[in-house]
Amino acid sequence: MQLAYRNKRITGVLTVIPKNCKTFDEEMKNYQADKKRSRRLKLVMGYDRHHFVEPGVCASDLAVFGVETLLHEGKLRKEEIDAIVTVTQSPDYFMPTTGAVIHGRLGLDSHVYCVDISQGCTGYLTGLMEAFSLLDQPQTRKVLLINVDVLSHKVSKEDRNSYPLIGDAASVTVVERTEEETRIDGEIRMDGSRHDALMIPAGGFRQPSTPETAVLHEDSEGNRRSLDNLVMKGADVFNFVQTEMPPLLASLFARLGVKKEEIDWFLFHQPNKFMVEKLAQAIDVPLEKMPSNIVTYFGNASGVTIPTNICYNVGEKLLGHTYKVCLAGFGVGLTWGAMVLELGQLDFCEMVEF
Amino acid sequence: MEQKIREILADLRPEFDFTEDVDFIEEGYLDSFDIVQLVAMLEKEYEVKIKGIDIVPENFSSVAAMAELLKKSGAK
């Protein structure tokens with residue numbers, strides 16, 4: 001699907017990172033591999049540390065903390081909020097939506113519309129799509145996009161495939177209508193035939209959680225996980241990204257008549273350093289323009305990696321300058337997409353600890 | 001080149017004999033993480049960049065397949 005939005009802009013981004021943190025070195029003993037191999041893996045994949053919430057902390061806790069931080073600091077007023085789009089794959093409950101919980105905890109007016117989207121690694125893009133669409137309603141001027149995931153609760157600590165890279169985080173992005181002639185263009189694609197490449201097999205209605213689904217099993221690579229845990233076919237996902245993302249980006253740039261040299265920042269989802277750097281090589285973009293350090297310092301928090309990338313790697317520069325940026329996400333679904341937009345003159349762009 | 005590749009493989013997984021005429025992937029000599037590490041080691045040794053789309057199991061199933069991949073990637 002091709003995407004085009006006019007007269008919309010991002011006016012602020014806040015990322016919430018849990019204080020709780022563990023290093024790869026501390027967790028190496030959990031994995032069925034000798035230390036030498038694990039250390040090499042650490043260097044290549046960029047694993048250093050990851051931040052995750054304590055047991056019992058849920059998506060709405062991080063999200064409400066983020067919005068309340070903005071309210072307390074005067075960067076947002078409650079009465080300005082017309083709608084909230086919450087994107088998460090780790091909701092507080094099956095029902096109601098996490099957005100409803102957030103709405104209630106913030107004490108928002110009943111005119112404030114809240115909607116949830118279940119999406120993972122492309123969740124920042126799908127959230128922006130929904131927020132931009134809501135801004136076409138005549139009375140809607142300001143939408144909060146909340147991306148939040150606490151998937152560490154669902155990853156086995158003995159799964160070297162997923163645990164070293166998983167992170168929890170939330171972000172609050174303020175999206176507004178503007179009289180300026182802005183243009184935001186994108187493209188998003190999906191291949192549901194590969195939906196089992198990244199999934200949590202049990203816990204839904206197809207296969208409810210039982211004592212049996214909680215039993216750990218060892219795979220051919222020595223990783224131990226249960227059907228209640230997240231499972232990722234790492235090699236398939238890597239191949240998918242390297243195969244599908246370059247043609248999508250080429251298609252988007254060609255349609256817009258944009259040369260990649262004109263783009264100041266390529267702020268992509270970051271599953272691991274190796275995958276991002278190979279993608280940079282495939283699309284011939286210098287690493288200085290395409291950071292790959294989010295997994296290294298925070299972990300991969302699914303749809304929150306792009307806003308974390310924005311805040312950590314560009315941050316304050318976005319307060320006084322405007323850059324042409326390309327955002328891209330790829331993963332669960334499988335889904336992949338990208339957007340090109342002018343990002344800058346933000347009211348805030350920062351990170352806070354939970 | 002093939003001898004050097006075997007030395008790199010022996011350094012990575014010393015418990016296996018990479019002179020054997022077997023499929024390294026099917027036999028479990030190399031897993032997906034080994035392939036990632038192997039790419040980094042081969043790129044450093046031969047000063048080349050292996051394309052992401054070429055990082056598929058069949059290109060690491062034998063020493064000959066790896067040598068072919070390296071030549072394709074520009075290794076002398």
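The values are calculated or read from the model by the stated rules, or taken from the named source; none is laboratory data. Note that the structure is a prediction, hence the values are computed from the model and not measured. Quick reminder, even Gly has a Cβ in these numbers, built from the backbone with ideal geometry, and neighbours come from all protein chains shown. Calculation scope for accessible area: heavy atoms of the full protein, side chains included, ligands and nucleic acids excluded. Shrake-Rupley method; radii C 1.70, N 1.55, O 1.52, S 1.80 Å.
Observations, loosely collected:
- Where B meets A: accessible area buried, both sides, 1.4 Å probe, Å²: 1700 Å²
- Greater than 26 Å apart at Cα, pairs in A:LYS324/B:LYS49; A:LYS260/A:LYS317; A:LYS278/A:LYS324; A:LYS36/B:LYS76; A:LYS289/B:LYS76: A:LYS324/B:LYS49; A:LYS36/B:LYS76; A:LYS289/B:LYS76
- Distance between the modelled labels on A:GLU342 and A:ASP284, one decimal in nanometres: 2.8 nm (7 Å Cα→Cβ projection).
- Relative contact order of the stretch A:100-239, pairs being alpha-carbon contacts under 8 Å that are 6 or more residues apart, as %: 21 percent
- The relative contact order of chain A, computed from alpha carbon pairs under 8 Å that lie at least 6 residues apart in sequence, is 27 percent.
- Karplus-derived 3J(HN,Hα) values for the stretch A:289-296, using 6.51 cos²θ - 1.76 cosθ + 1.60 with θ = phi - 60°, are 8, 10, x, 9, 9, 6, 5, 4 Hz; glycine and proline are entered as x.
- Stretch gain in nm, segment A:GLU179-A:GLU212, where the contour uses 0.36 nm per residue and the Cα spacing is subtracted: 6.2 nm
- Degrees between helix A:273-282 axis and first principal axis of chain A (Cα, 0 to 90, nearest 10): 60 degrees
- Gyration tensor verdict on the stretch A:277-342 (Cα atoms; rounded if a/c is under 1.5, prolate if a/b is larger than b/c, oblate otherwise): rounded
- Antiparallel DSSP beta bridges within the protein assembly as shown, as percent of all bridges there, nearest 5: 70 percent
- Taking the C-alpha atoms only, the angle from helix A:35-45 to the longest principal axis of chain A is near 20 degrees.
- Excluding the site residues themselves, the longest part of chain A lacking any GluC sites (Glu not before Pro) in a DSSP loop with at most 12 other Cβ atoms within 10 Å is A:74-178.
- Rg/Rh (Cα only; Kirkwood hydrodynamic radius) as it applies to chain A: 0.95
- Each Cα pair under 8 Å and six or more residues apart adds its sequence gap; the mean of these over the residue count of the stretch A:14-74 is a relative contact order of 49 percent.
- Between A:ARG39 and A:SER118, the distance separating the two model label sites (each 7 Å from Cα on the Cα→Cβ line) works out to 4.4 nm.
- Minimum 30 Å² accessible area buried by the other protein chains, the stretch A:25-49 residues, probe 1.4 Å, relative to alone: A:ARG37, A:ARG40, A:LEU41, A:VAL44
- For chain B, the per residue solvent-accessible surface stands at 51 Å², with DNA, RNA and ligands left out and a 1.4 Å probe.
- Separation of alpha-carbon centers, the stretch A:278-320 and the stretch A:69-104, rounded to whole Å: 25 Å
- Carbon/sulfur fraction of accessible area - chain B, other protein chains in place, 1.4 Å, %: 47 percent
- Surface share of carbon and sulfur [accessible, 1.4 angstrom probe, percent] for chain A: 52 percent
- The figure for A:PHE24 is an accessible area of roughly 10 square angstrom, using a 1.4 Å probe on the protein chains alone.
- Degrees separating the helix A:234-256 axis from the principal Cα axis of chain A, which is the longest one: 20 degrees
- Comparing mean-square fluctuations of A:GLY46, A:GLY329, A:GLY127 from a GNM of chain A with C-alpha springs under 10 Å, the top value falls on A:GLY46.
- For the stretch A:97-112, backbone phi angles converted through the Karplus equation (6.51, -1.76, 1.60; θ = phi - 60°) give residue-by-residue couplings of 5, 5, x, 5, 4, 4, 4, x, 5, 7, x, 7, 5, 5, 7, 7 Hz, Gly and Pro being listed as x.
- Calculated accessible area for chain A comes out at 41 Å² per residue, all protein chains present (probe 1.4 Å; ligands, DNA, RNA ignored).
- Buried on assembly, the stretch B:21-41 (at least 40 Å² less accessible surface than by itself, 1.4 Å probe): B:ASP31, B:SER32, B:PHE33, B:VAL36, B:GLN37
- Scanning residues 5 or more positions from A:GLY203 or on other chains, those with amide H under 5 Å from its amide H are A:SER209, with H placed 1.01 Å from N in the peptide plane.
- Cα gyration tensor, the stretch B:1-60 - rounded (a/c under 1.5), prolate or oblate: oblate
- Electrostatic bookkeeping for B:SER61 treats Lys and Arg as +1 and Asp and Glu as -1; over the other residues with beta carbon under 10 Å from its beta carbon, the sum is -4.
- Along the stretch A:76-83 the Karplus relation, 6.51 cos²θ - 1.76 cosθ + 1.60 evaluated at θ = phi - 60°, assigns HN-Hα couplings of 7, 10, 4, 6, 7, 6, 9, 7 Hz to successive residues, with x for each Gly and Pro.
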